[in-house]
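A.B. asks: If you scroll down you'll find the structure; I have some questions about it.
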There are 2 protein chains.
Amino acid sequence: MAPSAPLKKTTFLLNWYANPYHTPIFVAKKRGFYEEEGIDLAIMETTNPSDVTEIVGSGAADMGLKAMIHILAAKDRGINITSMGALLDEPPTGLIFKASLGITKFTDIVGKRVGYIGHFGKIMIDDLAKQAGLAPDSYTTVRVGMNVTDAIMRGVIDTGIGFTNFQRLELEELTGEPAGMLRIDECNGLGCCCFCSVMFVASDAYFQKNKDTVAAFLRATRRAMDIVIEYPDVAWEDMCIMNPRLRSTKRMVNVEVEVDGKKATARVETGSDVYEKIYQRTLPYFSRTLLNVERDWAKVGDFCKYLHVLENEVDQHTVYSNELVPAMGKASVEPLTPGGVLGLVSQQ
Amino acid sequence: MAPSAPLKKTTFLLNWYANPYHTPIFVAKKRGFYEEEGIDLAIMETTNPSDVTEIVGSGAADMGLKAMIHILAAKDRGINITSMGALLDEPPTGLIFKASLGITKFTDIVGKRVGYIGHFGKIMIDDLAKQAGLAPDSYTTVRVGMNVTDAIMRGVIDTGIGFTNFQRLELEELTGEPAGMLRIDECNGLGCCCFCSVMFVASDAYFQKNKDTVAAFLRATRRAMDIVIEYPDVAWEDMCIMNPRLRSTKRMVNVEVEVDGKKATARVETGSDVYEKIYQRTLPYFSRTLLNVERDWAKVGDFCKYLHVLENEVDQHTVYSNELVPAMGKASVEPLTPGGVLGLVSQQ
């Protein structure tokens, strides 16, 4: 594009508040990769993940992020959105709990209050319980949304569904003790938590009418993803400048202590680096290629059929496309970023 | 409305990430006040406050929040949005700095790097410098957006524009020393920081075509505002359940300390309650009536004219309306919430 062409204002709705697993998008924004592609990207956050498919599906937001299973569920409800690429591949999901709770196997939920995010989570828990031969009234389920850590800390639930690279780390931070996790995929023999993969989405209509913009968006995001994977510290500093509330606040402070009846001043560490930890633990789950993974869509489709969570026949192959993902095996000779990932040559 | 009527999906774009000054909106959401009015409110956050007027003005989001001065600026650029009520009245704004920097008057910015949020902030700083007789090259201005605290901590600026009830508290939290502030309104003899008042907005077209929805939204929000003002602790707990990352993490932990060569374990406090502090310091600035304040609009309009920041003649009286704000002096006999603010009677 000509550098003087006007930028196209494009709205993008995240699937939650801006958090470490959104780093590639903010890196691309901060470094001007979207602008270089002619896009003025307005990144919005949702305060209720359940709103996203409807807002993107109606076209009120141009593009966004949503988990695999919800894309199928949207299709089932007549909301037609296309998964045009992947941000996160299968972050492991399961029941998290304070280690002191002593849960070691699924049947240990007997007598416990079990938190779930939404509709599907409850179905998964109840199904696993049935498979394990538990009576339906031998445990209690409580809807807590994404805020499982807070619900455990408030004493509303004993355990609940969270990510190994997110809520489990939050729980460890706040309790100061190790947190355990029973992986839903392991209990179900799925092989991995494909239903939680986080995808780039747009309405079918937007995807069909704006292929140049979608391809440009994915190219810019892929350049940033390369930085996240190869220069994670550089990417994290970008993310913290864009979202300072994620920055580590770890620091040494003076506190008054009493040892053997004697008062003294000691230097101790305070603050939190929980978001930095979440970022580090998320690195393995970022999609390096941004490709929809065929195998995962097949698994999710089969899993939905097994759980009977969809009202209609939904063919999982109709809800995603890799057509506009860069680097699909077509040689371009030119690298995505002149001078390599960080563009060091062009910066000199 | 009949309880069985379908809810109207309505999108609402906050002017920043969900933070303590948005508490009334989340209280209304959590308590089902919007649903009772027939509204399914999807609350979205922006990651770039500069995007909001365009997104709301284009109708991509139905309603949102924006500061007074930006509503006039939008009008000036041909984006027609209406301020249909007030969330925050005049939170004091100014140059914040670590007390150890020794700034006591405006001319102390000589030799300093001064951060500003956007376009208008730079004009205000340069105007004050001119009034104070400072040479334009005797200080440096740096655009830092809303993240002035982080820019000071990173050493990018020495001082910058922030709110007394927000960034000043963040700076105190992170540095452990008092932070000072030179109020822009005082330096300018304005009487108060009207330009920072945060307003409920919609496009003119949305406002005219959806008066029932706007009136319903404002009624529900006003009910929540009453709870914030009269039962601030109850409202804050609602806010933390909706946004757990704002909850205080203050807690006692064991740390190993060495005093006079002797190792011992001491109990010390860690964690942060900075958002709770921000909330407490914001209480005086919440608009109890949600009314647009005529006097403030007049001041902002005059201030914009004085600074020559608008290209066109913009009459500030054309960009706001109190028509749909509840409790405009018309007796309804019925309280907004049966049983009083917390609805205690109906809960029994």
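A.B. asks: Looking at residue A:73, is it farther than 21 Å from residue A:243 by Cα, among the aliphatic types (A, V, I, L, M) and not in a strand (DSSP E or B)?
C.D. replies: Answer is yes for this residue.
A.B. asks: Return only the number of the condition from (1) open to solvent by 20 Å² or more (accessible area, probe 1.4 Å); (2) in contact with a Lys or Arg (Cβ under 7 Å, 6 or more places away or on another chain); (3) within 14 Å of another protein chain (Cβ to nearest Cβ) that residue B:181 does not satisfy.
C.D. replies: All conditions are met except number (3).
A.B. asks: Also, I was wondering about something else. State whether one or more residues within the range B:87-103 are part of a helix (DSSP H, G or I) and charged (D, E, K, R).
C.D. replies: no
A.B. asks: For the range A:263-291, what are the residues that are in contact with a Lys or Arg (Cβ under 9 Å, 6 or more places away or on another chain) and either of a type in the set (Gly, Ala, Ser) or facing chain B (nearest Cβ under 7 Å) (or both)?
C.D. replies: Hits for the range A:263-291 are A:270, A:271, A:272.
A.B. asks: If you take the residues in the range B:74-91 that are of a type outside the set (D, E, K, R) and open to solvent by 10 Å² or more (accessible area, probe 1.4 Å), which one is nearest to the chain's Cα centre (by Cα)?
C.D. replies: The residue in question is B:82.
A.B. asks: Quick one: residue B:303 ticks every box in (1) buried (at least 17 other Cβ atoms within 10 Å of the Cβ); (2) in a helix (DSSP H, G or I); (3) in contact with an Asp or Glu (Cβ under 9 Å, 6 or more places away or on another chain) except a single one, so which number is it?
C.D. replies: Residue B:303 satisfies all of (1) buried (at least 17 other Cβ atoms within 10 Å of the Cβ); (2) in a helix (DSSP H, G or I); (3) in contact with an Asp or Glu (Cβ under 9 Å, 6 or more places away or on another chain) except (3).
A.B. asks: Of the conditions (1) at pLDDT 95 or above; (2) more than 9 Å from chain A (Cβ to nearest Cβ), residue B:247 fails just one. Which one is it?
C.D. replies: (2)
A.B. asks: Before we move on, is residue B:33 within 9 Å of chain A (Cβ to nearest Cβ) and under 22 Å from residue B:228 (Cβ atoms)?
C.D. replies: no
A.B. asks: Residues of the range A:30-52 being crowded, with 24+ Cβ neighbours inside 10 Å and assigned to a helix (DSSP H, G or I), which ones?
C.D. replies: Selection gives A:33, A:34, A:52.
A.B. asks: Being modelled with pLDDT under 95 and under 20 Å from the mean Cα position of the chain (by Cα) narrows it down to one residue among B:149, B:164; which is it?
C.D. replies: B:164
A.B. asks: Has the range B:118-133 got any residue that is open to solvent by 20 Å² or more (accessible area, probe 1.4 Å) and within 13 Å of chain A (Cβ to nearest Cβ)?
C.D. replies: no
A.B. asks: So, one more: Any residue that is within 30 Å of residue B:316 (Cβ to Cβ) and either charged (D, E, K, R) or out of contact with any Leu (no Cβ under 9 Å at 6 or more places or on another chain) (or both) - is there at least one of those in the range B:94-112?
C.D. replies: Within the range B:94-112, not a single residue is within 30 Å of residue B:316 (Cβ to Cβ) and either charged (D, E, K, R) or out of contact with any Leu (no Cβ under 9 Å at 6 or more places or on another chain) (or both).
A.B. asks: On to the next question. What do you reckon, is residue B:259 surrounded by 16 or more Cβ atoms within 10 Å (Cβ to Cβ) and within 14 Å of chain A (Cβ to nearest Cβ)?
C.D. replies: Here the answer is yes, as residue B:259 does meet what is asked.
The values are calculated or read from the model by the stated rules, or taken from the named source; none is laboratory data. Source: prediction; values computed, not measured. No Cβ is skipped: glycine too gets one built from the backbone with ideal geometry, and neighbour counts run over all protein chains shown. Heavy atoms of the whole protein, side chains included, go into the accessibility calculation; ligands, DNA and RNA do not. Shrake-Rupley method; radii C 1.70, N 1.55, O 1.52, S 1.80 Å.
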